[in-house]
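The values are calculated or read from the model by the stated rules, or taken from the named source; none is laboratory data. Here the structure is a predicted model, which is why all the values come from computation and not from measurement. Counting neighbours? That spans all protein chains shown, and the Cβs are built from the backbone with ideal geometry, glycine included. Just the protein is used for accessible areas: all its heavy atoms, side chains included, with ligands, DNA and RNA removed. Shrake-Rupley method; radii C 1.70, N 1.55, O 1.52, S 1.80 Å.
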Amino acid sequence: MSKKRFIAGAVCPACQQQDTLRWWVENEVEKVECVACHHTDTRLPKSVEDSQHVAGTASEQVIGIFKPE
Ligand SMILES: [Zn+2]
């Protein structure tokens, strides 16, 4: 399951362009890719971490990993 989604308002740390970053989870690792310069990273830029959209998605991931018994 690797749904790639664009991150609204995010700025690429490599080429400084906005709205070019795609984000997805691969093997429970967050991956980020810039479609403009093909920069890739396994961590979200700080501006993205502050995004409420991504924070909500991360919470869902945590709930999925830690299953209550
Ligand atoms: Zn870039």
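Of note:
- Residue that is nearest to the ligand (Cβ to nearest atom) [pool: residues in the stretch 1-30 that are outside any loop (DSSP other than H, G, I, E, B) and open to solvent by less than 50 Å² (accessible area, probe 1.4 Å)]: Leu21
- Single condition Thr42 does not satisfy, out of (1) open to solvent by 80 Å² or more (accessible area, probe 1.4 Å); (2) free of Cβ contacts under 8 Å to residues at least 24 places away in the same chain; (3) not acidic (Asp, Glu): (1)
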